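First the structure, in the form of structure tokens, and then the observations on it.
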Amino acid sequence: MSILGALQAGVSGLSAQSSAMGAVADNIANMNTVGYKNNNVSFSSLVTKQVSSNKYSSGGVQPHASQSIDAQGLLSSVSSTTSLAISGSGYFVVNSANNGSGTWAYTRAGDFTKDETGYLVNSGGYYVQAWSLMPWDGNTEAATVEINGIVYMKAYKDANGRTVYINDNIVDANNLQGINLSNIGGTATPTTQISFGANLPSGSSIGDTHSVSTLIYDSLGNASNISLNYTKTAANAWSLDTTIPSGAAAINMYTKDDLVYASIAQMEFTEIPAVGSTIKINDTVFEFTEGNQAGDGNIAVDMTDCNSINDVLNVFMEAITNNIRDAGRFSVDGNRIVVEQSLTGDELNFDCSGTLACVQSSADIDPASGLPRGTFTLEAVDNMIKNVAYIDVTNVAENDEITIDDIRFVFANGDSTDDTVYVGYDAGDTVAENIAKLASAIRNSGVAEPERFVASGTTLQIIPSSTGEDITIDSGLTGEAKYIRDGVENNLTNATPIVSTFTYKDVEQLGAQIPAVMFNSDGTPKEINVEDMEIFWANGAQDMTGNIADGDGVKISINMGSENVSTGLTNLSGDFTTGYINQDGATFGSYSGVTVSEDGVVTAVFSNGETKPISIIPLAMFTNANGMEALNNNVWIATTESGNPLLTKATTGGAGEIASSSLESSTVDLATEFSNMIVVQRAYSAAGKIITTSDEMLQELTNLI
């Protein structure tokens, strides 16, 4: 029994050392294989239960093959930017098919190059998988990531053009996509986000304005410069408005509660309008004429003495002043009329389709016909966020009067006293001219903070300030008077007090409007109220309204930092300074290359110098990476022993960093393998000697018969 046992033990030794030699052979053969992990064969004894203390029953040896999958290989530099290595414990997620329909596996072999269709594939034929990126559309359910101050979401468009939001914890073809560099092509990407930091000086006087300028891009790749203008309205409080670029019809800014905070529109002219052409504002039709003859019910814009576009616009402006309430919103700026919504202004609907000389005749493209309708809207500032009063005057007669804080203002000619101011009267003056004279008289009177009274065409605006006392008004003027406070619009009756405080969201506010940003005493933002803006274009570009279902683009979000920390806007002493400005979007440019950052963000680089993050390469983590099962082509699959993969972004959770233009070398050490080979060879020979010796002993035993 012992001799036969020794023979079997020798055979098991041969088998075990053969396995060990096989592992050494594989290791040496793959010493230059990218990401290869060396194999090891360890041994354990096979013990036969001893039935007698006088005899020994031999057992043998059992080999155990293992692969050091979790061993880190050395990183070496290469020239290709798509060659990737991992410095850490993570694994690339790969699939044997570029569309995710093949075998899902994991590898450290990052020698990725473009295949014939443009997908990134390694030398083993496995395609790297990634989370696709799109500009964030505001969906709170989307998984988002911030890159250079701009928020992107993990999502992509399917074959039907629908947005698919990614669950970044699942490994399947719905949530991971191959990276196709040939599909990037040329691009023109509209701006969806503006992120900036600046110091608004705490020492600024009320009324001081500072501007942050930035480029934005429409869906056609047109670049436009806009300025975000901050005006100090009270201690630690600033309002916000914007300029409007050429080619736009209107811009509306919204609070985080989706209330209109500010609005601006324009009518741009490329030439003198044709005689008989029209522009409609609300229900008033303005007709461009030569001579003061217009169609029934139309207001004539007499161009007889006009020699330039600017001449026409000045005549047009005069007609607007006498026929549109709150006309101070309108101003002539070169070849355009800009309409900046006031706190007392109502909604204005424009129809420029009757004047092809106006750029905005191309606004509002009908999605069905593809033809522009030439209509757009200047939104009214929401009543919930403002505190104002106004008087729309329809007629001024001699001796009409208005009393403001016990001071009478009389439309008559005479010598003024401390409590009676004679505004003057001329029967030939228009209503707008009389209101302008009234505002001038108020400024030169004893009324406290007279700048709160503003002439705006035929409208007298009363704009409370954060420092002003209550105002009492008794009006004898002909027209409509309103007072808007706490979201309610009421008639302004005699002796109605106009106060400087109002309530918004159960918080007392000062002045005429909630601030766009309110600061803490340490200079950090206490409240940031303005969140985004929408733009209506008249140049053929996609409107930025957030109405995705109607074919529009997303609104442009305005990121001024976070509340209670100094990551964006601050209100500190010193000068106005701009710390940083980031915005997404790009004009047209052709694809010229790709970069991969250490956190796995794949960024396309274009010939126009713009960059665009297109995807993130995640890394898979395993509880027991050495428990994975090896497949051909240097990949592994998950097993019950390894546990399910946990996907994470590189540089987080111990996954490690991704090194671009690098490859991970094999973990095989040639000197060690040669040493092991010598040891295995000697052990094999020794096991063979056991067999030959046992054979000789058996031969002797048989010779005794």
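The values are calculated or read from the model by the stated rules, or taken from the named source; none is laboratory data. In this text, all values refer to a predicted model and were calculated from it rather than measured experimentally. Heads up, the Cβs are rebuilt from the backbone with ideal geometry, glycines too, and the neighbour counts pull from every protein chain shown. These area figures cover heavy atoms from the full protein model, side chains too; ligands, DNA and RNA do not enter into them. Shrake-Rupley method; radii C 1.70, N 1.55, O 1.52, S 1.80 Å.
In region 589-607, how many are over 21 Å from V93 (Cα atoms), free of Cβ contacts under 8 Å to residues at least 60 places away in the same chain and assigned to a loop (DSSP other than H, G, I, E, B)? So the count comes out to 1. From the list A604, A549, A541, the lone residue that is open to solvent by 60 Å² or more (accessible area, probe 1.4 Å) and small (G, A, S) is A549. Scanning region 215-224 for residues that are farther than 19 Å from Q360 by Cβ and either small (G, A, S) or surrounded by fewer than 22 Cβ atoms within 10 Å (Cβ to Cβ) (or both) gives L215, G221, A223.
Which of the residues that make up region 399-416 are part of a loop (DSSP other than H, G, I, E, B) and not small (G, A, S)?
Selection gives N399, D400, D405, D406, F411, N413, D415.
Evaluated against (1) surrounded by 16 or more Cβ atoms within 10 Å (Cβ to Cβ); (2) charged (D, E, K, R); (3) modelled with pLDDT under 95, K437 falls short on exactly one condition, (3).
Screening region 415-430 for residues that are open to solvent by less than 30 Å² (accessible area, probe 1.4 Å) and of a type in the set (V, I, T) and picking the one that is farthest from M317 (Cα to Cα) gives T420.
Checked against (1) closer than 21 Å to G124 by Cβ; (2) modelled with pLDDT under 95, V605 passes all but condition (1). Among the residues of this structure, R443 counts as one that is more than 20 Å from T242 (Cα to Cα), surrounded by fewer than 19 Cβ atoms within 10 Å (Cβ to Cβ) and touching a helix residue (DSSP H, G or I) at 6+ places or on another chain (Cβ under 6 Å). Residues satisfying the criterion are absent from region 266-277 (criterion: open to solvent by less than 20 Å² (accessible area, probe 1.4 Å), farther than 22 Å from N539 by Cα, out of contact with any Cys (no Cβ under 6 Å at 6 or more places or on another chain) and free of Cβ contacts under 8 Å to residues at least 60 places away in the same chain). Of all residues in region 242-257 being modelled with pLDDT of 95 or more and more than 16 Å from A541 (Cβ to Cβ), which is surrounded by the most Cβ atoms within 10 Å (Cβ to Cβ)? Taking the candidates together, the pick is M253.
Summed over region 396-406, residues that are within 26 Å of E469 (Cβ to Cβ) and surrounded by fewer than 21 Cβ atoms within 10 Å (Cβ to Cβ) total 5.
Scanning region 375-429 for residues that are among the polar types (S, T, N, Q) and farther than 17 Å from V447 by Cα turns up T375, T377, N383, N387, T394, N395, N399, N413. Would you say E469 is over 29 Å from S195 (Cβ atoms), open to solvent by 40 Å² or more (accessible area, probe 1.4 Å), of a type outside the set (S, T, N, Q) and part of a strand (DSSP E or B)? So E469 does not fit the description; no. Here G291 fulfils each of the conditions (1) at positive phi; (2) in contact with a Gly (Cβ under 8 Å, 6 or more places away or on another chain) apart from (2).
Conditions (1) modelled with pLDDT of 95 or more; (2) under 19 Å from G600 (Cα atoms), marked per residue:
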position	(1), (2)
A130	yes, yes
D137	no, no
T144	no, yes
G186	no, no
I194	no, no
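Quick one: count up the residues across region 278-291 that are open to solvent by 70 Å² or more (accessible area, probe 1.4 Å) and more than 30 Å from I226 (Cβ to Cβ).
Restricting attention to region 278-291, the residues satisfying the condition of being open to solvent by 70 Å² or more (accessible area, probe 1.4 Å) are 280, 283, 290.
From what is left, the residues that are more than 30 Å from I226 (Cβ to Cβ) are 283, 290.
Summing the residues that are open to solvent by 70 Å² or more (accessible area, probe 1.4 Å) and more than 30 Å from I226 (Cβ to Cβ) in region 278-291 gives 2.
Applying the condition of being open to solvent by 60 Å² or more (accessible area, probe 1.4 Å) and of a type in the set (D, E) to region 552-591 and asking which residue is nearest to G138 (Cα to Cα) yields E563. Among the residues of region 292-302, the one identified as farther than 19 Å from I324 by Cβ and either among the acidic types (D, E) or open to solvent by less than 40 Å² (accessible area, probe 1.4 Å) (or both) is D296.
Pull up region 366-395, narrow it to residues that are surrounded by fewer than 20 Cβ atoms within 10 Å (Cβ to Cβ) and of a type in the set (V, I, T), then point me to the one that is farthest from the chain's Cα centre (by Cα). The selected residue is T394. From the list E508, E489, E480, E563, the one residue that fits, being modelled with pLDDT under 95, in contact with a Lys or Arg (Cβ under 7 Å, 6 or more places away or on another chain) and part of a strand (DSSP E or B), is E489. Residue-level check: of (1) under 14 Å from G110 (Cα atoms); (2) at pLDDT 90 or above; (3) buried (at least 20 other Cβ atoms within 10 Å of the Cβ), S615 misses just (1). Evaluated against (1) within 29 Å of the chain's Cα centre (by Cα); (2) open to solvent by 20 Å² or more (accessible area, probe 1.4 Å), L133 falls short on exactly one condition, (2). Report the residue count in region 95-120 for those that are open to solvent by 20 Å² or more (accessible area, probe 1.4 Å), in a strand (DSSP E or B) and either closer than 18 Å to I69 by Cα or of a type outside the set (S, T, N, Q) (or both). Within region 95-120, residues that are open to solvent by 20 Å² or more (accessible area, probe 1.4 Å), in a strand (DSSP E or B) and either closer than 18 Å to I69 by Cα or of a type outside the set (S, T, N, Q) (or both) number 4. Residues considered: N175, N160, N169. Of these, the only one that is open to solvent by 50 Å² or more (accessible area, probe 1.4 Å), within 27 Å of L663 (Cα to Cα) and in a loop (DSSP other than H, G, I, E, B) is N169. Among the residues making up region 72-94, those that are out of contact with any Pro (no Cβ under 9 Å at 6 or more places or on another chain), open to solvent by less than 30 Å² (accessible area, probe 1.4 Å) and aliphatic (A, V, I, L, M) are L84, A85, I86, V94.
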